[in-house]
1. Could you order the peptides 177-183, 146-152 from most to least packed, using the average number of other C-beta atoms within 10 Å per residue?
2. S186 to T3: FRET efficiency via 1/(1 + (r/R0)^6), r the Cβ-Cβ distance, R0 22 Å, to the nearest 0.05?
3. Calculate the dipole size of segment 1-73 relative to its Cα centre from +1 charges on Lys and Arg beta carbons and -1 charges on Asp and Glu beta carbons; express the result in debye to the nearest 20.
4. Would you mind working out the accessible area per residue for segment 41-127, using a 1.4 Å probe, and quoting it in Å²?
5. So for each of 135-141, 109-115 I average, over its residues, the number of other beta carbons within 10 Å; can you give me the resulting order with the highest mean first?
6. Work out from phi, with θ = phi - 60° and the Karplus expression 6.51 cos²θ - 1.76 cosθ + 1.60, the ³J(HN,Hα) of each residue of segment 75-81, listed in order in whole Hz, and give x for Gly and Pro.
7. With unit charges on the beta carbon (Lys/Arg positive, Asp/Glu negative), name the residue among S137, Q34, H60 whose Cα is farthest towards the positive pole of the charge dipole of the chain.
8. Express the relative contact order of the chain as a whole percentage, based on alpha carbon pairs under 8 Å and six or more residues apart in sequence.
Amino acid sequence: MQTPAEAHQKVVEIWGQYYPTLPAPAQLEEFLQQSKILDHSDLNNLRTVIFAYHNFSIHHINTSTARYFGSVPEEILEVGPTYIISCILPQQVEAAVNNTRTISRQLNRAKPEEKKRYQSTYVNCNITCRYGNKHRSMFHAIPVLWDENNNPLLGMFLIHDLEPFLTDGTWWYRYRVGDRIFTYHSAHPELQEADILT
């Protein structure tokens, strides 16, 4: 199994081939100022992470999310994506990295209007935080800022705790590129162009 640092490096290499740019500094600053409203979401326990597609660096993480991973925002921002990766089951990380090779290529080939509808959902991600607490989660990722060709620049993870609704043993990933749906299920470990939802 790969280490969190190795997994992050692979993701950087994959996404970096197609999406090497970051928003202009002024554009990034303006967006992050707007996203500070997410800090107030601690009252309703919304968990959010703002990341860059070109290297998956974390630009904003709210207190509720950091607490969920057993930390504080400042530490996770300093350590970077490897902090979060280290909390997720290695086989789930490996599957996500492998799927990224196909999905990033499909997204790159998509029409500009299709790129706007790209999203990914990771269901039953098993998270073990620093203090040993375990969570079953759904990670839903959507782009929130694009370049002039609708290539994603910044994305947002919305993290939902599904502890009461899921059991260990199975997990699945779902990706949407335009109208095309790709899914990966742990019981049939191969990315397929088919929908898992009915």
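The values are calculated or read from the model by the stated rules, or taken from the named source; none is laboratory data. Given the structure is predicted, the values throughout are model-derived calculations rather than measurements. Please note: Cβ atoms are built from the backbone with ideal geometry, for glycine as well, and neighbour counts cover all protein chains shown. Heads up: the accessible areas ignore ligands, DNA and RNA and are worked out on the full protein's heavy atoms, side chains in. Shrake-Rupley method; radii C 1.70, N 1.55, O 1.52, S 1.80 Å.
1. So the order, starting with the most tightly packed, is 177-183, 146-152.
2. Between S186 and T3 the formula returns 0.55.
3. For this selection, approximately 160 debye.
4. Spelled out: the 1.4 Å probe surface of segment 41-127, per residue, equals 40 Å².
5. 135-141, 109-115
6. Karplus values, whole Hz, x for Gly and Pro: 5, 5, 4, 6, 6, x, x.
7. Projecting each Cα onto the dipole axis, the largest value belongs to S137.
8. 20 percent
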